[in-house]
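The values are calculated or read from the model by the stated rules, or taken from the named source; none is laboratory data. What you see is a predicted model, and the numbers here were worked out from it, not measured in a lab. Methodologically, a virtual Cβ is constructed for each residue, glycine included, from the backbone with ideal geometry; neighbour enumeration extends over all protein chains shown.
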């Protein structure tokens, strides 16, 4: 009998692990990471950012979500960029403007990167809301602005990545 | 020994079930399962890149007279969506801000006060005032690869008290449109 049990025990454990998708080792904090794919290649000689839009779902105070924003310098000279939180010029249907404090919840790993000609840099952007914050909007939007601050002239361009947040 | 082994086996199984999400389905709605429900934050990114360019990066009206409306042609500039997604573009400026000058006040024509407006190629001047410190819609749903011609008008002051050069920087801001 004891021998049978010894044989059955590992089989039972393996069975349970298979049923649960080996989910015993759930990390304490689920921090999604970048997984962007694109169709085709962006131009080398144009300044661009990617992704165009990031959607965060089921978010809650105390949670953290992060994504890498690609910034490409399309100039043939070194350029410095300003990567900053920005209130949106418009929001998606059903979404609200961001809470006033949202500025302090967005962490940008490098907000003034200097890029070599035609260099692409991944910049980590994280949304980290304190656990004690009360957010009344169920859905809200903020933008990450990227601007080449070395661009001269009196007509300049700014590129923005839209971040749409849906709360639990 | 045999009895002890059965106990050990039972405890091991219960521990495994309580640590796993399937525990909820089996009625083990303890703390371990409650903790697992906070793991559901999702994050997705829309593939593609945002990029725009304007054919000219600077424009100079030269010497202007008081109480005049100087303007480019309606197709003086051309902005192109170089990205892979359709974009909305907004426009704004930073007001009169030339280092070393006594700057005008930004606003409808007055003494030492003037402003800029824009119009798309299908429109007409004076068009829409370009706000200072904020933005207005410039063009919605500009498809990738598409261009939009536009022009600028200066609503010059109706009187000057000095001849200092003036400069205003216009910014075109692109972001993915609502349906892209």
Quick one: how many residues across region B:39-87 are assigned to a strand (DSSP E or B) and touching a residue at least 60 places away in the same chain (Cβ under 8 Å)?
13
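Here is a yes/no grid of residues against (1) more than 16 Å from residue A:155 (Cα to Cα); (2) buried (at least 18 other Cβ atoms within 10 Å of the Cβ):
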site: B:98; (1), (2): no, no
site: B:108; (1), (2): yes, no
site: B:114; (1), (2): yes, yes
site: B:128; (1), (2): yes, no
site: B:131; (1), (2): no, no
site: B:138; (1), (2): no, yes
site: B:143; (1), (2): yes, no
Just checking, does region B:24-32 include any residue being modelled with pLDDT of 65 or more and outside any helix (DSSP H, G or I)?
no
All but one of (1) in contact with a strand residue (DSSP E or B) (Cβ under 7 Å, 6 or more places away or on another chain); (2) facing chain B (nearest Cβ under 8 Å) hold for residue A:108; which doesn't?
(2)
Out of all the residues in region B:113-123, is one or more within 11 Å of chain A (Cβ to nearest Cβ), part of a strand (DSSP E or B), more than 19 Å from the chain's Cα centre (by Cα) and modelled with pLDDT of 95 or more?
yes
Residue identified as assigned to a loop (DSSP other than H, G, I, E, B), touching a strand residue (DSSP E or B) at 6+ places or on another chain (Cβ under 8 Å), in contact (Cβ under 8 Å) with a residue 24 or more places away in the chain and under 23 Å from residue B:81 (Cα atoms) among B:95, B:151, B:145
B:145
For residue B:163, work out the one condition from (1) part of a loop (DSSP other than H, G, I, E, B); (2) at the interface with chain A (Cβ under 10 Å from one of its Cβ atoms); (3) more than 21 Å from residue B:76 (Cα to Cα) it doesn't fulfil.
(2)
Would you mind telling me which numbered condition in (1) within 11 Å of chain B (Cβ to nearest Cβ); (2) farther than 27 Å from residue A:58 by Cα; (3) in contact with a strand residue (DSSP E or B) (Cβ under 7 Å, 6 or more places away or on another chain); (4) in contact (Cβ under 8 Å) with a residue 60 or more places away in the chain residue A:163 fails?
(2)
Can you confirm whether region A:110-128 contains a residue that is closer than 27 Å to residue A:168 by Cβ, at pLDDT 95 or above and in a loop (DSSP other than H, G, I, E, B)?
no
